[in-house]
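The values are calculated or read from the model by the stated rules, or taken from the named source; none is laboratory data. What you see is a predicted model; the values in this text were computed from it and never measured. Here the Cβ is made from the backbone with ideal geometry for all residues, glycine too, and neighbour counts use every protein chain on show.
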Amino acid sequence: MEFVIDVINNLAYIHENFWFKETLLILQSFIVFALVWWFATLKHGNKLLLFLSAIIGCASSILGDLGYWNDNDVLKHIAPASLYLIGINDKERRNGILLFAFLFPFFVITYEPYRSILIALFSILSHFLIYAFIILARKSICLSLFFSILIGLLYIYIGNIASPGTNDILVNPVLITLYTRCFDYYTENDKYTLFLKYFWIVLLCFAYFGNWIFYFLSDYYYLLPF
């Protein structure tokens with residue numbers, strides 16, 4: 001195990017440079033997207049997506065614990081593919097199964113409500129409130145964008161002020177997607193698809209541009225009054 005950690009450390013030191021690190025992560029996200037796109041065209045692609053999701057989930061848990069992947073880095077890998085599976089035309093409603101196969105193993109591996117009973121209760125309450133917002137926003141582009149931005153900012157804010165992984169417990173984008181898409185799939189009604197499209201577009205922007213914005217602003221933190 002120490003050997004594996006040493007290898008990861010050595011690779012991390014190679015791309016300590018911010019620009020190279022971000023370029024490498026973007027390349028990784030394109031590879032993940034290409035695999036998801038390819039698997040979606042295969043007859044039994046849902047089984048391959050289960051394995052891909054589990055690999056990404058394990059990698060994000062291990063590398064996150066070692067301090068190498070932040071939330072935006074993980075979103076870079078799952079946001080483009082999630083948006084693709086939600087947004088493309090699905091006459092046979094097969095994408096619901098593919099989206100579930102891509103996100104569910106990742107969710108099971110990375111979601112940690114068992115830290116305490118209080119955190120688990122807060123997680124249930126927060127996601128009930130978020131679902132109430134989604135019901136209000138489901139047919140409105142403006143409300144969908146507004147609530148998506150609000151959820152995205154909450155996700156980043158909790159990630160900055162709380163212990164690692166707390167934001168994934170209280171505001172989990174994958175869980176939000178799974179339960180809203182499940183309602184659509186089993187009621188055979190696409191009333192939440194509009195919201196989910198804009199939701200993942202916003203998360204995509206946070207993932208790809210969030211790190212860059214914070215990087216450019218880091219030199220000016222001393223000007224902030226707090």
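Among the residues making up the stretch 137-179, those that are over 20 Å from residue 74 (Cβ atoms) and in contact with a Lys or Arg (Cβ under 9 Å, 6 or more places away or on another chain) are 138, 139, 144. The set of residues in the stretch 91-115 being in contact with a helix residue (DSSP H, G or I) (Cβ under 8 Å, 6 or more places away or on another chain), outside any helix (DSSP H, G or I) and free of Cβ contacts under 8 Å to residues at least 60 places away in the same chain consists of 112 alone. Applying the condition of being of a type in the set (S, T, N, Q) and buried (at least 22 other Cβ atoms within 10 Å of the Cβ) to the stretch 66-88 and asking which residue is nearest to residue 176 (Cα to Cα) yields 82. Residue selection: residue 163 satisfies the criterion of being assigned to a loop (DSSP other than H, G, I, E, B) and not β-branched (Val, Ile, Thr). Among the residues of the stretch 100-115, those identified as buried (at least 16 other Cβ atoms within 10 Å of the Cβ) and of a type in the set (A, V, I, L, M, F, W, C) are 100, 101, 102, 103, 104, 106, 107, 109. For the stretch 116-154, filtered to residues that are surrounded by 12 or more Cβ atoms within 10 Å (Cβ to Cβ) and part of a loop (DSSP other than H, G, I, E, B), the residue that is nearest to the chain's Cα centre (by Cα) is 138. For residue 30, the requirement of being more than 19 Å from the chain's Cα centre (by Cα) and surrounded by fewer than 21 Cβ atoms within 10 Å (Cβ to Cβ) is not met. The single condition from (1) over 16 Å from the mean Cα position of the chain (by Cα); (2) at pLDDT below 85; (3) assigned to a helix (DSSP H, G or I) that residue 48 fails is (2).
With the checklist (1) within 28 Å of residue 46 (Cα to Cα); (2) part of a helix (DSSP H, G or I); (3) at pLDDT below 85 in hand, flag the one item residue 190 doesn't pass. Failed condition: (2).
Residue-by-condition table, conditions (1) of a type in the set (Ser, Thr, Tyr); (2) modelled with pLDDT of 80 or more; (3) under 27 Å from residue 26 (Cβ atoms):
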site	(1), (2), (3)
128	no, yes, no
133	no, yes, no
160	no, no, yes
163	yes, no, no
167	no, yes, yes
179	yes, yes, no
182	no, yes, no
205	no, yes, yes
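If you take the residues in the stretch 162-188 that are among the aliphatic types (A, V, I, L, M) and in contact (Cβ under 8 Å) with a residue 12 or more places away in the chain, which one is surrounded by the fewest Cβ atoms within 10 Å (Cβ to Cβ)?
178
When the stretch 166-187 is filtered for residues that are more than 30 Å from residue 117 (Cβ to Cβ) and either of a type in the set (Lys, Arg) or not in a helix (DSSP H, G or I) (or both), nothing remains.
Scanning the stretch 64-71 for any residue that is in contact with a helix residue (DSSP H, G or I) (Cβ under 9 Å, 6 or more places away or on another chain) and closer than 13 Å to residue 173 by Cβ turns up at least one such residue.
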